[in-house]
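Please read the structure below before turning to the comments.
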Amino acid sequence: MVLQSEKTGGAVGGRCVALAMFSLMLIGFGSETCGASSARDVQAAFDKKQYREALDLIDQVTKEKGAQPELRRLKVRSLILLGKPKDALPEYERLEQDVKQEDRALLKEVALGFVYVLIKDMREQMRGAAYTALKDIDSPDTIPALEDGLSDGSGLVRALAAEALGRLEAGRRSPRLRNALEDQAGLVKVTVLKALGKSSDRSVIPLLEKALKDEQPAVRLAAAGALYHTGQTALWDVIQKSASAPNPEERAAALRMVGELKDARGLPILLEAMTNPQPSVRGAAASALGDLGTLQGIPALEQALEDKIPAVKTSAAISLGELGGKDSLAALRKALTDRNPVVKAAVVSALLRVEEPFDSIAQELYDLVLNNDPGTRSAAGKAAGRAHGANTRAAVEFLAGLLKDPIPRPRIAAARALGQIGGVEALSILKAALHDEDDAVRATVGGAIVRIMGRTKPVLNPVKS
């Protein structure tokens, strides 16, 4: 009996152990299923655009199972779509460190987040910074936001949006861009006309011809220039007549257009205007000679480097840089001694355009960033953005220093310049600058990052563990 009882107890105990083990397996299976279900719930909430709920679910799953890369990515995207790029940035940085690899697609979203969050900002300056960044990005992906910018309350912002759309072939086909010809601001209409003039779509011609009858001279002039671009070269006579208008503002606008049209008949018109007693006319002519692109304008531009008006000298220097003539080096080096810092910055810009060694102008650049005027320091940053070839590395180092300027304006200039000339080596500099305290700087930095990523290939394992 005792033996039988022991056998029975052993059998029962064995069954209990088996049941307990089976129960533990069920509990474990249920736990894994719950975790997987939570991850699916996060994705489902995100797909339904319920981003706050997705963030709550991510926090729950993270507490139970730790931070998973895919959930981190969803957290970053949710924060961006909620208009919180500043919160998304440290989450992205933690993800990058965890996986030890740059996630370019996600970094692009973070960078754009700092731009898009400002397009509805109450401050005109911030919206202007955002649309300038979108213009620099130069991507069809930005077209919906740019079209929205055409209804902004500021004429300057609407003009920026129109200019950005005009740079894109798909943007020039936008019905909303064409409708902007009804805008009340002449600046916007002029910008739209210049954009449509670059279109190969012949259906825009009636719109351009209608604008020839606009009450504003600047709009009529822009319409004539746009129609010239479509092949109606007879309108050259209208532009030529405006280039001798008694109103200095109208005359200056016409002279700039003469340069943009690149018609050889414009050379004598511009050379004559270089001797006009009105500084704004001389400055416009000097700028137009650079756009016209003929080396025959170099002697007049070199002479203009000695003009009494700094704005004229600045335009002349920039045009000499655009023409790229090595024959102008002596005149440009002489102009480096100009006492006006903005003129000096323009001369530095020209010398970098013609690939003078960075070391030869480095002292002047660093002197400019010690100037008390933020505008002068900004001009120095813009000048460094003209570097290319062998000068690029030194210019990037210079701009990295300017990103630490105490005033936002020079930092904005530095960020834009880095976006123009920087390669993958500039990305780490710009990523750090996304932490800048100023909204406009961060938006500009975001645009620069996207611009660089659009023209460079990723480097494997750029993140150090």
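Every number here is computed from the coordinates shown, using simple stated rules; none is lab data. The structure presented is a predicted model; accordingly, all values stated were derived computationally and were not measured. Positions of Cβ are generated from backbone atoms using ideal geometry, with glycine treated the same way; all protein chains shown enter the neighbour counts.
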Q: For the range 249-341, report the convex hull volume of the alpha-carbon atoms normalised per residue, in Å³, without decimals.
A: 79 Å³
Q) Once you list every other residue whose beta carbon is under 9 Å from the beta carbon of Arg411, what net charge do they have if Lys and Arg are +1 and Asp and Glu are -1? A) -1
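Kindly put His229, His388 in sequence by how many other C-beta atoms sit within 10 Å of each C-beta, fewest to most.
Values: His229 18, His388 13.
Listing His229, His388 from fewest to most nearby Cβ atoms yields His388, His229.
What dipole magnitude, in Debye to the nearest 20, does the chain give about its Cα centre under +1 on Lys/Arg Cβ and -1 on Asp/Glu Cβ? Numbers along the way, then the final one.
Working: 63 positive and 59 negative charges, 89 e Å.
The calculated dipole for the chain is roughly 420 debye.
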**Q.** Charge dipole of the chain about the Cα centre (unit charges at C-beta), most positive-ward option of Pro357, Ala211, Pro279
**A.** Ala211
Q. Quick one: Cα centre-to-centre distance for the range 270-292 and the range 211-262, in angstrom?
A. 15 Å
Q | Cα-based Rg / Dmax (Å) for the range 269-407 | A | 14.6, 45
Q) What angle, in degrees between 0 and 90 and rounded to the nearest 10, separates the Cα long axis of helix 248-261 from the longest principal axis of the Cα atoms of the chain? A) 70 degrees
Q: May I ask for the angle, rounded to the nearest 10°, between helix 439-455 and the longest principal axis of the chain, with both axes built from Cα atoms and the value confined to 0 to 90°?
A: 90 degrees
Q) Cβ under 12 Å from Glu260's Cβ, Glu260 left aside: what net charge do those residues give with Lys, Arg +1 and Asp, Glu -1? A) +2
Q.
Using only the alpha-carbon atoms, how far is helix 155-166 inclined from the longest principal axis of the chain? Give it as 0 to 90 degrees, nearest 10.
A. 80 degrees
Q) Per residue of the chain, what 222 nm ellipticity follows from adding -39500 (n - 2.57) for every DSSP H run with n ≥ 4, rounded to the nearest 500? A) -22500 deg cm²/dmol
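Need one word for the range 44-101: rounded, prolate or oblate. Basis is the Cα gyration tensor (sqrt eigenvalues a ≥ b ≥ c); a/c below 1.5 gives rounded, then a/b vs b/c decides. Show your work: numbers first, answer last.
Values: a/c = 2.01, a/b = 1.20, b/c = 1.67.
Since a/c reaches 1.5 but b/c is at least a/b, the shape of the range 44-101 is classed as oblate.
In debye, nearest 20: dipole of the range 44-101 around its Cα centre with unit charges on the Cβ of K, R (+) and D, E (-)?
On the way: 13 positive and 11 negative charges, 26 e Å.
Taking the Cα centre of the range 44-101 as origin, the dipole is about 120 debye.
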Q | Among [x] 1.88; [y] 1.03; [z] 1.18, the entry that matches Rg/Rh (Cα atoms, Kirkwood Rh) as calculated here | A | [z]
Q) If we count every other residue with Cβ under 13 angstrom of Val281's Cβ, Lys/Arg +1 and Asp/Glu -1, where does the sum land? A) -1
